[in-house]
Amino acid sequence: MLVVGDSWARDAATGITAAFGGKGQVKDASALACGIRKPINPMPNRNCPNWEVEWPALMDKVRPDAVLLSVQWDAAEQQIGPGGKLVTIRDDEARRRFVTNLDRAIRILSRRRTPVYVFESTFQHSPGSVGTLLSGILLEFSKKYPGVHYLDIYHQLCNDLNQCPREISGVPVYGTNVHCSKETKVGLRT
C-alpha cells in the first residue's frame, strides 16, 4: 500500500503498518502540512514534495495494490496567488484549483487501475463549513471515478450530533488536539 498526502496520511500509515503486523508493506510518502493546492509560501512546511513529479515515480517504483490519499491540509487557509490573501476552498478560484489538482492526483494514483482511497474531511461538518465542502468534493470524485473509494472516517471519530469525543469506550481518540491517538490509528483501517 502507498500512503500519500498530509499528516493524517502519516497517522493512517502508522496505524495500517501496526495493523498489518509485518504481514504487508506500507510505503509512507506523506508530508506534514502539505496538500495538493500548491500554495505560494507554503506554511509551515516549505519542503512540500512536488507531487506531480514524485507520485508518478512512486507509483512506478512501489507498484502498490492500493493507495490511500489524505488532503486534509487543503482545507486550511493558503495563499494561492501572488500578493493574494489567505483563502480556503470556499473561495471559487481556490476551489477550482483544488478540484483541478485533485483530478490530476487521482489520475496519477489510479494508473494501472490501482484503487485509491480518499479520507473524508476530519474537520467539523456543519452547514457551509470547509470540512463539509471538502468532504462533498471527495465524495463526488469517488462517484465520478471507478476505483476511487471514499472513507467516512469523520463518523468513526465523531457522532451524529457533530461531537467528536476525546475518548470512546475508554480509548483515547486523539493524541494531540488534531491527530489521532496510537490506539485510534490502528483502528483507522482501509
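The values are calculated or read from the model by the stated rules, or taken from the named source; none is laboratory data. These figures come from a predicted structure and were not determined experimentally. Cβ: placed from backbone, ideal geometry, glycine included. Neighbour counts: every protein chain shown.
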(request) Pairs only if they're at least six apart or on different chains, beta carbon under 9 angstrom, first in region 72-95 and of a type in the set (Lys, Arg), second assigned to a helix (DSSP H, G or I); list them, first residue then second. (result) ARG90/VAL130; ARG90/LEU133; ARG95/LEU133; ARG95/ILE137
(request) Could you look through region 99-135, keep only residues that are of a type in the set (Gly, Ala, Ser) and at pLDDT 95 or above, and pick out the one that is surrounded by the fewest Cβ atoms within 10 Å (Cβ to Cβ)? (result) SER110
(request) May I ask you to list the residues in region 13-29 that are surrounded by 19 or more Cβ atoms within 10 Å (Cβ to Cβ) and over 18 Å from VAL62 (Cα atoms)? (result) GLY15
(request) Go through region 1-113 and tell me which strands (runs of 3 or more DSSP E), entirely inside it, have 1 or more residues that are touching a Gly at 6+ places or on another chain (Cβ under 6 Å). (result) 27-30, 67-70
